[in-house]
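Report on the following structure.
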């Protein structure tokens, strides 16, 4: 004699494990839908066009003909800066020297300060010649370089390269730190005014 299921048994979807399995399936389906909508661009935020890094900015920035700032940017010119009386700094076995300073237009209210600096390694191991060794004090702000310099200088050798900083166009002076950097560390004053003929 064949008998049916006991009256006390439940359908699988009415049991706790069955309900948990059903909830997991629903959550997985919802997550898949969200991912699909995101990839389709429904949740993409509004993005600004990328700004080229300062290291690639050589010369006046490009402006559209109808840019209202074009006239103010036209008055900004490239200029060579006078070197300060002190151009050298030492940190351990590393001797830094500021060789030249140059300013170029960068934006309506900023300029690109380009510093040519040499590093002489008097130590016995290779020395890092990198952006982490430089800071520029402008007002009360300590700025990091705009370009990502990173190379090694062999013992007993010297190399020179360019360090860039983006500074306000209204700034008249800045303090350069080489090697020993950080708040309160010694600075070399750099005038941002045009070099006198």
So what's segment 77-191 giving for Cα Rg divided by 2.2 N^0.38 Å, two decimals? 1.04
Kindly rank 110-121, 135-146, 151-162 from highest to lowest mean number of other beta carbons found within 10 Å of each residue. 110-121, 135-146, 151-162
Please compute the contact order of segment 143-197 in relative form: average sequence separation of alpha-carbon pairs under 8 Å and at least six residues apart, divided by the residue count, as a percent. 29
On full extension of the chain, what length is gained from residue 99 through residue 140, given 0.36 nm per residue of separation minus the C-alpha to C-alpha distance? 12.2 nm
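Laboratory data are not the source of any read-out in this text; all were calculated from the coordinates shown. Keep in mind that this is a model prediction, so the values were computed, not measured. Backbone-built Cβ (ideal geometry, glycine too); neighbour counts: all protein chains shown.
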